[in-house]
Every structure is written in structure tokens, then in C-alpha cells.
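Asks: Let me give you the structure first, and then I'll get to my questions.
Laboratory data are not the source of any read-out in this text; all were calculated from the coordinates shown. Please read all numbers here as calculations on a predicted model, not as lab measurements. A quick note on method: Cβ atoms are made from the backbone with ideal geometry, for glycine too, and the neighbour counts reach across all protein chains shown.
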Amino acid sequence: MMVNLTVNGEPRTVDVQPDMPLLWVLRDVLDLKGTKFGCGVAQCGACTVHVNGSPTRTCVLPVSAAAGADVRTIEGLSEDGSHPVQRAWQELDVPQCGYCQSGQIMTAVSLLERTPNPSDEDIDAAMGNLCRCGTYLRIRQAIHAAAKQATDAAPGSGGIGATGSSGGPGGPGVSGGATGSRATGSPATRGPVDYRRPVGSGDINP
Ligand code: FES
Ligand code: FES
């Protein structure tokens, strides 16, 4: 079956089985390896990309359901890691093993495009991606940092959402759904966290 897609702004045509998951099309046919396979059952979020602007778990999305869609992968955020969310991830040393992080970033970008200055509660509600390394606190801090960077860089611009989403909301998304254990609570109840505390000083994978 010939399927037409727009991937990271470029029209692409793939000749694949209609039930092939979009994840395999991206990784094995189009050689976009930044998006990862984790669980294969829409639970972990490692395979998250944007489909028509919505964070979508591509391990369970047949490519036929994405025909004609506008797809954005981690490679489409920037060529050099300069997207505000990628910069925040680097500055806060968010990744540990790194395996989940492209999915985490794509979900975070989508959140910030919808909600330029999210609260902790907004972040916890949106970020259903799992991280076996337990980087949830740094992810939360990096999202706040990215929101601040975008606002400081362009006051009144509306934040990251105003700098170039490749598609509008809607479309054949299979978004969200999974939840995982992660730190919760308001800033008033959590208290300060030293995100750079070395391993061995008390908390493992703070
Ligand atoms: S690999 Fe798709 S949600 Fe886990
Ligand atoms: S950084 Fe290792 S799974 Fe998230």
C-alpha cells in the first residue's frame, strides 16, 4: 500500500503493509531512529511523535490510519538541538540512560504549545510517559525552564507554541493514557530539590 505522509515538513511516500505501525515506518523505512520502541502497547510513551499536532504513541498506530497526516518527530524539532525544550533538557542534564527522552521531549513540546506556562499539576497531567531511570523531577524542572526561556526570548509571544508547531490539533492521534509513578505535590509541600545531587548522597536518580 502506498501511503503519503508529511514528515518533519517534507512530503514522503512509503510502500508498506497498511497495518505496519507508524513507529516502524519512521524508524525502519524512513530511518528516523530518534523515536524509540519501549513497550509496544501504548503504555510507556517512548514512541511518541506529533501526528497532526497531537502527541501520539506510534507503536499502536497503523500507518494506514496516519495517511495524509502531518508527522513531526524529535528530528523535526531542530537540526542542532537548539529547540528551547532540547536546550532546557541539556542545561538540566535531564537524561540518564536517555531511552525514554525523545518521547518525553515530544510530549513536553506539545504541552508547552498548548499551555505556555504550565503548573506542576499541568505537567503531571500531561506527562504520562514512563522513565525507568526516574528522571521525572528533572523533566518537570526542564519544562518550567523551557517555558521561561521561551517567554523571556519573546515576551508576549505566547511561548513555545508560537514558534512553529507543524500541525494543528486533531487527526488520528492515539495520545496520552499511560501513567507512571512520579513525584507529585505542590511546590509548597515538596520543598526544595537539589537536582544535581550526586548519586550516593541519599536519593538515587533524583
Ligand atoms: S513503545 Fe509505544 S507506548 Fe511504549
Ligand atoms: S532516562 Fe532512562 S528510561 Fe528515562
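Asks: Compare the Cα positions of Asn117, Pro95, Gly81 along the charge dipole of the range 78-165 (+1 at Cβ of Lys, Arg; -1 at Cβ of Asp, Glu; about the Cα centre) and return the one farthest towards the positive end.
Replies: Working it through, the farthest residue towards the positive pole turns out to be Pro95.
Asks: Considering just Cα atoms, how many Å³ per residue does the convex hull of the range 1-76 enclose? Kindly include the intermediate steps, with their values, before the conclusion.
Replies: On the way: hull volume 5.5 nm³, N = 76.
With only Cα atoms used, the range 1-76 gives 72 Å³ per residue.
Asks: Could you go through the range 32-46 in sequence order and give the Karplus-derived ³J(HN,Hα) for each residue, using 6.51 cos²θ - 1.76 cosθ + 1.60 with θ = phi - 60°, rounded to whole Hz, and x for Gly and Pro?
Replies: Whole-Hz 3J(HN,Hα) from phi for the range 32-46: 9, 8, x, 8, 10, 9, x, 8, x, 10, 6, 10, 9, x, 4.
Asks: Using the count of nearby Cβ atoms within 10 Å as a rough guide to exposure, how do Leu30, Leu23, Leu130 rank from fewest to most?
Replies: Leu30, Leu130, Leu23
Asks: Kindly write out, for the range 57-68 in residue order, the coupling ³J(HN,Hα) from the Karplus curve 6.51 cos²θ - 1.76 cosθ + 1.60 (θ = phi - 60°), rounded to whole Hz, with x marking Gly and Pro.
Replies: Working through the residues one at a time gives 8, 7, 5, 10, 9, x, 4, 4, 6, 9, 4, x Hz.
Asks: Net charge near Gly76: determine it from the other residues with C-beta under 15 Å of the C-beta of Gly76, scoring Lys and Arg +1 and Asp and Glu -1. Don't skip to the answer; put the middle values down first.
Replies: Details: positive: Arg12, Arg27, Lys33, Arg72; negative: Glu10, Asp31, Asp70, Glu75, Glu79, Asp80, Glu113.
With Lys, Arg at +1 and Asp, Glu at -1, the neighbours total -3.
Asks: So, one more: Can you figure out the FRET efficiency of Met2 with Glu121, using R₀ = 35 Å and their beta-carbon distance, to the nearest 0.05?
Replies: Numbers: r = 44 Å, r/R0 = 1.27.
Here the calculated transfer efficiency is 0.20.
Asks: Please find the FRET efficiency linking Gln17 to Glu91, where r is the Cβ-Cβ separation and R0 is fixed at 45 Å, and quote it to the nearest 0.05. Mind showing how you got there, number by number?
Replies: Values: r = 42 Å, r/R0 = 0.93.
After rounding, the FRET efficiency stands at 0.60.
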